[in-house]
Amino acid sequence: MKSPLLSLPGAVAADSPDEGVAAHYGEPSHEQRALAAGQGFVDRSDRGVLRISGPDRLSWLHSLLSQHLDRLAPGEPTEALLLSPQGHVEHHMHLVDDGEAVWAHVEPGAAPALAEFLDRMRFMLRVEVADVSDAYAVVTGGGLEPAGGIRFDDVAGSSWVVERSALPGLPEQGRPAGLWAYEAFRIAAHRPRMGLDTDHRTIPHEVGWIDTAVHLEKGCYRGQETVARVHNLGRPPRRLVFLHLDGSADRLPLHGDPVEANGRTVGFLGSAARHHELGPIALALVKRNVPVDADLLAGGVAAAQEVVVSPDTGANADIRIRRQPARRP
């Protein structure tokens, strides 16, 4: 769905999967600084929005998702995953209950499939699932206080679910900043994004969602066996890394580009951006046994890595981070 803010002067549409919103409005660096100062906002209205109502909504979602939800307090934001039976991540969602319904926002294009799955799982419970993406939108910015908005935590200030009809009036509250600005903050915060920094094989431990979107002491839910096994034994197959990219390169590597170490492909690049302070940065998913101090190439661009997920993450793992052997003189 094309945002009305794409008609603002200087607006340049983002690439897929975010082509419905602006990548920037002509001044990406200034927009990022305005967002950092709490004076800007980002239009993320391409994201899907679901509303789950009914008296059984929290206990029902608790039984399906990875997060502890049956006693979720009104106004308390959280994250949750829907996993496959094998423990692979199918949906990542941000949730908040307003006392009458649970609101969730998900990746662009993901809401219809998620709503269809949830609707099939209602059985005789008193819940109603609605995809309300046509009527509601997500916006992010520390300076926003939209009337009637549903508030979520976010890496670039608060996010809000607001009525779509409110979008044209938001420039009166702050400077519009494009999605490039938001993505730079997200990557710098080491927060993966579903579908960009993950693939169909991703499990929660690999990308750090075990800390934010999984409750390790709740009852059964789909995919729990994989979560428990990896948590008890450690050593997930891959790990998320943060990359400082070579600033002398005249381009950013692209999503899906190979990540190489010593001439061998060891993973793939997820998201990349130019941060107003850190310079070019990225997230990548690499094999667990890649030394944490190995120099990498991401799409042909030199990169130094920071550990986001330990190679041996898990409750009972003997964590001994693997480094490259010392070079002899």
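The values are calculated or read from the model by the stated rules, or taken from the named source; none is laboratory data. Computed from a predicted model, the values in this text were never measured in an experiment. Glycine gets a Cβ as well: all are built from the backbone with ideal geometry, and neighbour counts include every protein chain shown. When the accessible area is computed, the model is the full protein with side chains, heavy atoms only, and any ligands, DNA or RNA have been set aside. Shrake-Rupley method; radii C 1.70, N 1.55, O 1.52, S 1.80 Å.
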Please give the strands (runs of 3 or more DSSP E) falling wholly within region 100-158 in which 2 or more residues are over 17 Å from the mean Cα position of the chain (by Cα), more than 16 Å from PRO77 (Cβ to Cβ) and among the charged types (D, E, K, R). 128-131
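Report the residue count in region 232-248 for those that are modelled with pLDDT of 90 or more, surrounded by 15 or more Cβ atoms within 10 Å (Cβ to Cβ) and not charged (D, E, K, R).
Result for region 232-248: 7.
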Name the residue that is most open to solvent (accessible area, probe 1.4 Å), counting only residues in region 217-231 that are of a type in the set (A, V, I, L, M, F, W, C) and assigned to a helix (DSSP H, G or I). ALA228
Which of the numbered conditions does ALA184 fail, given that it passes all the others? Conditions: (1) touching a residue at least 24 places away in the same chain (Cβ under 8 Å); (2) over 25 Å from GLY109 (Cα atoms). (2)
Residue selected from region 32-76 under the condition of a type in the set (D, E, K, R) and within 18 Å of the chain's Cα centre (by Cα), by the criterion surrounded by the most Cβ atoms within 10 Å (Cβ to Cβ): ASP43
Just one of the numbered conditions (1) free of Cβ contacts under 8 Å to residues at least 24 places away in the same chain; (2) not in a loop (DSSP other than H, G, I, E, B) is not true of LEU81; which one? (1)
What's the number of the condition GLU116 fails, among (1) among the charged types (D, E, K, R); (2) buried (at least 20 other Cβ atoms within 10 Å of the Cβ); (3) over 16 Å from TYR221 (Cβ atoms)? (2)
Go through region 156-194 and report how many residues are within 22 Å of ALA272 (Cα to Cα) and out of contact with any strand residue (DSSP E or B) (no Cβ under 7 Å at 6 or more places or on another chain). 4
Given the residues LEU179, LEU144, which is the only one that is in the same structural domain as LEU8 (by the TED database), closer than 20 Å to ALA23 by Cα, open to solvent by less than 20 Å² (accessible area, probe 1.4 Å) and modelled with pLDDT under 95? LEU144
Output yes when any residue across region 44-60 is acidic (Asp, Glu) and closer than 30 Å to PRO171 by Cβ, and no when none is. yes
Here the residues within region 77-100 that are crowded, with 20+ Cβ neighbours inside 10 Å and small (Gly, Ala, Ser) are ALA80, GLY87
From GLN67, GLN39, which residue is of a type in the set (S, T, N, Q) and out of contact with any Gly (no Cβ under 8 Å at 6 or more places or on another chain)? GLN67
